[in-house]
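The next block holds one structure in the form of structure tokens; read it before the comments.
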Amino acid sequence: MRKRLVAGNWKMNTDLNDGFRLLKDILDEIREKELENSDVHIYAPFTHLKVFANTLNGSGILLGAQNCHHETSGAFTGEISTDMLASVPVGGVLVGHSERRQYFGETSEQLRGKIEQALNSDLSIIYCFGETLEERESGSHYDVVEQQLRSVLSGLPADAWQHITLAYEPVWAIGTGKTATAEQAQEVHAHARGVLADISSAEVSNSIRILYGGSVKPNNAAELFGQDDIDGGLIGGASLKADSFADIVRA
Ligand code: PGA
């Protein structure tokens, strides 16, 4: 059985004061009982991490960063390494979000580097993938998704997989209010599991969690999470309101 996971991706939202208030509200909403049924992660802005790490200590909620650099250290002004994150301490990192690919030109090679760095620093990873609207409309979404998985994840050591979660996020559904139907999402999740079986093992492919992301809201979460190959969600907009995030966790 794969334990459900609901992860909030705050993106570039909230200053430290507003963020701290939101975190407190989330802690008030999410109780032990909910954490028995589902893991909960919060991917906060870098500036919030130290304060949040203190607040979340012992809460059962994992704190993560939204990005990291693909080298260990050195002359990379403005960048943050995985060792820096681990020392906060932060427990995980997002890699390959479509906004990073699209606006910051992150390549498969860099994403692979980030994953290796995160593994070396003992961070868990959510690796995001998903097609654009154009790719979906031209029918190439299965190939695109397969390529995003193969080019970055092939050849990882067997013990790496336990630290990795995948998140299928069709770019056309992110922040647009347009959710993939549960059926559309399930099809791609099943396809991703097939690709994983090929690049890792049947065991890994059965045990790895694959989240869905893209306009998940309290009113569509239960149907999406009810699909065989959907193990939870990566939540953007709806993670910025404590009650809607908690309702999604409950779903
Ligand atoms: P959204 O974002 O829920 O606002 O669509 C999801 C994501 O980008 O992780």
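Restricted to Cα positions, what overall size does the stretch 96-251 have along the principal axes? Three whole-Å values, descending.
39, 35, 31
Give the calculated FRET efficiency between E32 and T55 to the nearest 0.05, with a Förster radius of 25 Å applied to their Cβ-Cβ distance.
0.90
Mind telling me which of V171, V144, V95 comes out most flexible in a GNM of the chain, alpha-carbon contacts under 10 Å?
In this elastic network of the chain, the residue with the biggest mean-square fluctuation among V171, V144, V95 is V144.
Students often check this: by mean Cβ neighbours within 10 Å, which of 160-167, 22-29 ranks highest, and how do the rest follow?
So the peptides 160-167, 22-29, ranked by packing, come out 160-167, 22-29.
Enter the mean projected area of the convex hull around the alpha-carbon atoms of the stretch 109-165, in nm², rounded to one decimal.
Dividing the Cα hull surface by four gives the mean projection, 4.1 nm².
Taking a 25 Å limit on the Cα-Cα distance, which of the listed pairs K11/K217; K3/K178; K50/K241; K24/K217; K24/K178; K114/K178 fall beyond it?
The pairs that break the limit, which is 25 Å between Cα atoms, are K3/K178; K24/K178; K114/K178.
I'd like the accessible area for K33, computed on protein heavy atoms only with a 1.4 Å probe and all protein chains in place. Round to 10 Å², please.
That residue has around 140 Å² of solvent-accessible surface.
Can you tell me the length gained on complete extension of the stretch Q147 to T47, counting 0.36 nm per residue apart and subtracting the Cα distance?
Numbers: separation 100, 0.36 × 100 = 36.00 nm, distance 3.35 nm.
Difference between extended and current length: 32.7 nm.
How big is the gap, in Å, between the Cα center of the stretch 211-235 and the Cα center of the stretch 1-50?
Each part reduced to its Cα centre gives a spacing of 17 Å.
Place +1 on the Cβ of every Lys and Arg and -1 on the Cβ of every Asp and Glu in the chain, take the dipole about the Cα centre, and give the residue among G8, H48, I210 whose Cα lies farthest towards its positive end.
H48
Over the chain, what percent of the accessible surface lies on carbon and sulfur atoms, probe 1.4 Å?
Carbon and sulfur: 47 percent of the exposed surface of the chain.
Which value in nm describes the separation of the simple spin-label points at Y103 and D25, placed 7 Å from the Cα toward the beta carbon?
2.2
Per residue, how much accessible area does the stretch 115-251 show when a 1.4 Å probe rolls over the protein heavy atoms, in square angstrom?
40
What nm value, rounded to one decimal, do you get for the distance between H163 and M12 when each label is placed 7 Å out toward the C-beta?
Calculated label separation equals 2.9 nm.
The values are calculated or read from the model by the stated rules, or taken from the named source; none is laboratory data. Every value quoted in this text rests on a predicted model; they were computed, and no experiment measured them. All Cβ positions, glycine included, derive from the backbone under ideal geometry; neighbour counts span all protein chains shown. To get the accessible areas, we keep the full protein, side chains included, count just its heavy atoms, and leave off ligands, DNA and RNA. Shrake-Rupley method; radii C 1.70, N 1.55, O 1.52, S 1.80 Å.
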